[in-house]
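Each remark here refers to the structure printed beneath this line.
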Amino acid sequence: MRRLIAALCLAAAPLAATGEEVTTFTLDNGMDVVVIEDHRAPVVVHMVWYRSGSADEPPGSSGVAHFLEHLLFKATDTMESGELSEVVAANGGSDNAFTSYDYTAYFQRVAADRLELMMRMEADRMNNLRLTEEDIVTERNVILEERNQRTENNAGALAREQLRAAQYLNHRYGLPIIGWKHEMESLDMQDALSFYDLYYSPNNAILVVAGDVEPQEVLTLAETYYGVIPPEEHLPERFRPEEPPQTAERRLTYVDPRVSQPYLTRSYLAPERDAGAQEDAAALVYLSELLGGSPFTSALGVALQFDSQTAVYSGAGYDAMSLDDTTFNVTVVPAEGVTLSEAEAAMDQVIADFLANPIDLDQMERIRTQLRASEIYALDDVEGIARRYGAALTQGLTIEDVQAWPGILQAVSAEDVKAVAEKVLQRRQSVTGWIVPSEEEAL
Amino acid sequence: MFRFAFALFLALASTARAEVEIQEITSPGGIDAWLVEEHSIPFVAIEIHFDGGSALDLPGKRGATNLMTGLIEEGSGDMDARAFQSAREALAASYEFDVYDDGLTVSARFLTENRDQAVDLLRQALVDPRFDQDALDRVRAQVLSGIASDEKNPNRIAGRAFYSAAFGDHPYGTADSGTVETVTGLTRDDMFDAHRNVLVRDRAMVSAVGDITAEDLGALIDTLLGDLPEGGAPLPDRVDFGLTGGITVVPYDTPQSVALFGHSGMERDDEDFFAAYILNTILGGNGPQSILMEEVREKRGLTYGIYTYLVPKDHTEMWLGSVASANDRMADTVVLVQAEWQRIAEEGITQDQLDAAKTYLTGAYPLRFDGNGPIASIMVGMQVQGLPTDYVIHRNDYINAVTLEDVNRVAAEYLRPEALHFTIVGQPVGLESTQ
């Protein structure tokens, strides 16, 4: 039965800056729809994003968002376990899913004339999953092996987990997406279904369709398949315990004989892109490039890898996309014969010099040019553009924010970077980790 | 210079069709290239492949080609490393240089608005590298850091042990990054030698996709490659896969064991290659749930992933697989793989499995042509394999022509459970090295 269909149709918004054609709708049941046109090849990417990720999990059930993502490939009322992927493959397509702190998303890439089939199956598993106890036991073993592969077998990944746990005192970003091993081992049917019943609902989901499609066609199909699913009335307000202001520097040493050579990494709590207020985040993008982007032209690279040969690698990173407070990171791998404390002192000197001296305006312009060019190169990858919208809409941003972002990036000034650097690069709001093969290396 | 152009219509499933118009051109200077014009986005992707690669390392100089490749972007002409990179960043061009056993690849993309400058800069790097001593020492330290890291990485440890046992002294038997000893001993002269031996005009294959005409591409290629010398180092000899069936355990203190397994394979130009390719897809490839994924992951939860690969290299052939299981479960995984390998060799696959694999492979093929960079890469890959431009039209016919009889004949002949060798890194319970 089709419910009342009164979709809100926003005008297509072609982007002056980038050229992608984007049209958005909202279905009557609250499901958002984003259509991105790219008619170069008869291919479509069909994605459903849920505004729920590992940071939305209840305490004690870390990993359940990702566990559920695996379980969504099991049986529904009308499909057998694994059938969805088989049908996608039989149509020459590929499918997969991914879970992050703020979202869980499912996607298929297939010939454009198969869109309806994809929608029918994706809509089906939004509401009609039928799990067995055997599914739970077997798939729990699979995610434990996934954790073995990604984390337990990888000293660097284990260290990152500890660093993040130290960075976030109060927010769920301090827990690994895949879950703590001891909690994963006890995930059960009830954990999975509670998360599913609450969050896998049209009013918590965003449909992104990108490729060789017409927006009105997509809307009609979306109304047919997704529009009939009732909204979840008890969907909670998205509330996460926020980080308190950090007022004391935190330090830790991770020792693992599988570390091939010692290195240090520091994270600073930093603002993310917020709806209507992306300027600080844009300035932080420049800061990460200026401080540790290119090894040949960034402040850390020039000072530590060229002028002083202190480091074999140095770099900075900043992930602007996050629902809540994110981090700004710097990493240094000391050169042979350089201790971690020498390397850290050298790194701190670079940061102090950066804050004390004027910003190199030529470097600022090179970064601006590259950011502008990256928008042109991005047009070659419609799936990447689709991911931008899905990630943005599940992380508190709007379509307008996504479309304003390239312009905001172009408008960043050296003064903006300086101001945000002074705010963020403070050791009292940082976590510094030394990652070493033995205790002796940490002396 | 313009030879001919024709349109290729890829039948995609039933209704949709993808159009990829490949032009074969010869530059005024006599260099061949393939081009797909795509003027809707103002940039070009160029892909160049030099046959040979790190297998051309001279005796005692293992790692020279790899180090040389890392130095191409570290100074050329009158620019040192920093001046070169500042110039590249100002143009927002990207140049990637990569090397593997059988080839050195250059992947570049640059904007239409500054194409000439971007091409001149890339030409300078390819034709006139400096190999400054300070750059050499700096990149050498990075390579040595990578080698140290590999020595603690279970997957790399498995690869090194497996290939060393399979190929011994042949270049395929050692990692192309070299050893601490060989890399430490490399000099500037070794870099110039490696450059002269690998980056030669007559071993280059070129493709371009994007906002450029055939005429402009011809001139561009002459600028880029025209000043390179001809005649590189002799290619290595053929080598047979030298491992026999059994298990090698490399003890390593880590919770999950990783296994690399395999035996000899099939040449790319064998007339049964498509049958083997389909068989591999069904056994452990991507696409529909493979037999090994079904048995090892879906039914028993023994792993996060298990995959098999047909690996036809220039001078040998392998059929490989990889899997990781917790130390106390790896023994179960190995038994299952051996049993399935044997079962498929004896019983073959079913018509349903063959049909599903064909539908997937023929449907997925056009979806690969999804962007300037990917298309440029596919076109160079075709040239490396000696395929004609119209291969893209006929490729799905080759897949569809394979019969169940073909696949099962290949399974019986090429899947040899008794020859499968497993190299396992970790502390696998109940498994020991065989003699």
Discussion item. Give the separation of the Cα centroids, segment A:95-154 to segment A:245-274, in Å.
Written reply: 31 Å
Discussion item. Going by Cα centres, segment A:47-78 and segment B:75-111 are how many Å apart?
Written reply: 42 Å
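When only C-alpha pairs under 8 Å and at least 6 residues apart count, what is the relative contact order of segment A:22-226, in percent?
41 percent
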Practice prompt. Set Lys and Arg Cβ to +1 and Asp and Glu Cβ to -1, take the dipole of chain B about its Cα centre, and tell me which of B:Leu58, B:Thr69, B:Val337 lies farthest positive.
Written response: B:Val337
Fill in: Helix-derived mean residue ellipticity, 222 nm - over chain B, DSSP H n ≥ 4, -39500 (n - 2.57), to 500
-12500 deg cm²/dmol
Worksheet, complete the sentence: Most exposed to least, judged by fewest other Cβ atoms within 10 Å, B:Val139, A:Val332, B:Val209 sort to B:Val139, A:Val332, B:Val209
Worksheet item: Angle between the Cα long axis of helix A:279-292 and the longest principal axis of chain A, 0 to 90 degrees, nearest 10?
Response: 50 degrees
Worksheet entry | Sites matching GluC sites (Glu not before Pro) across segment A:167-225 that sit in DSSP coil, with at most 15 neighbouring C-beta atoms within 10 Å | A:Glu185
Fill in: Phi-based couplings in Hz for segment B:241-252 (Karplus 6.51, -1.76, 1.60; Gly and Pro marked x)
5, x, 8, 9, x, x, 10, 10, 9, 9, x, 7
Worksheet item: Taking the Cα atoms only, what angle lies between the long axis of helix B:188-198 and the longest principal axis of chain B, rounded to 10 degrees?
Response: 80 degrees
Discussion item. Amide H of B:Ser27 versus every other amide H placed in the peptide plane: which residues, excluding those fewer than 5 positions away on the same chain, fall under 5 Å?
Written reply: B:Asp32, B:Ala33
Discussion item. Loop by DSSP (not H, G, I, E, B), at most 16 other beta-carbon atoms within 10 Å: where is the longest site-free stretch of chain A for chymotrypsin sites (Phe, Trp or Tyr not before Pro)?
Written reply: A:240-443
Worksheet item: Excluding A:Ile367 itself, what net charge comes from residues whose Cβ is under 9 Å from its Cβ, given Lys and Arg +1 and Asp and Glu -1?
Response: -1
Worksheet, complete the sentence: For segment A:24-131 the GluC sites (Glu not before Pro) that pass both the DSSP coil test and the at-most-11 other-Cβ-within-10 Å test are A:Glu80
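Where does each of B:Thr303, B:Thr244, A:Thr432 land when they are ranked from fewest to most other beta-carbon atoms within 10 angstrom?
Values: B:Thr303 28, B:Thr244 14, A:Thr432 22.
If I rank by nearby Cβ atoms, fewest first, I get B:Thr244, A:Thr432, B:Thr303.
Within segment B:185-251, list the trypsin sites (Lys or Arg not before Pro) lying in a DSSP loop whose Cβ has at most 16 other Cβ atoms in a 10 Å radius.
Values: sites: B:Arg188, B:Arg196, B:Arg201, B:Arg203, B:Arg238; in loops: B:Arg238.
The qualifying sites are B:Arg238.
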Fill in: Residues whose placed amide H lies under 5 Å from that of B:Val99, excluding near-sequence neighbours
B:Thr105
Worksheet item: Taking the alpha-carbon centroid of each part, what is the distance from segment B:175-224 to segment A:210-244 in angstrom?
Response: 49 Å
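Using the structure shown, list the pairs from A:Lys181/B:Lys313; A:Lys181/B:Lys299; A:Lys418/B:Lys152 with a Cα-Cα distance above 32 Å, or answer none.
A:Lys181/B:Lys313; A:Lys418/B:Lys152
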Response to the item:
Going residue by residue through segment A:411-426, the Karplus relation 6.51 cos²θ - 1.76 cosθ + 1.60 with θ = phi - 60° gives ³J(HN,Hα) values, rounded to whole Hz and with x marking Gly or Pro, of 8, 5, 10, 4, 5, 4, 5, 4, 5, 6, 4, 5, 6, 8, 7, 10
Worksheet, complete the sentence: Residues B:Leu56, A:Leu144 in order from fewest to most other beta-carbon atoms within 10 Å are A:Leu144, B:Leu56
Worksheet item: To the nearest 10 degrees, how steeply does helix B:404-414 sit against the main Cα axis of chain B, on a 0 to 90 scale?
Response: 90 degrees
Response to the item:
Averaged over the residues of A:364-377, the number of partner chain Cβ atoms within 10 Å of each residue's own Cβ comes to 4
Practice prompt. Scan chain B and hand back the longest stretch that contains none of the GluC sites (Glu not before Pro) lying in DSSP loops with at most 15 other Cβ atoms within 10 Å.
Written response: B:272-431
Item to complete: Tell me which residues come under 5 Å, amide H to amide H, from B:Ser433 once H is placed; ignore anything under 5 positions away on its chain.
Response: B:Val249
Worksheet entry | Derived scalar couplings ³J(HN,Hα) [segment A:253-266; Karplus, 6.51 cos²θ - 1.76 cosθ + 1.60; whole Hz; x for Gly, Pro] | 10, 9, 10, 7, x, 7, 6, 7, 8, x, 8, 10, 9, 10
Worksheet item: Based on DSSP H runs of at least 4 residues, each adding -39500 (n - 2.57), what is the mean residue ellipticity at 222 nm of chain A after dividing by all its residues, to the nearest 500 deg cm²/dmol?
Response: -12000 deg cm²/dmol
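Here, each number is a calculation from the coordinates, and none is a lab measurement. The shown structure was predicted, so the numbers you read here are calculated from the model rather than taken from an experiment. Please note: Cβ atoms are built from the backbone with ideal geometry, for glycine as well, and neighbour counts cover all protein chains shown.
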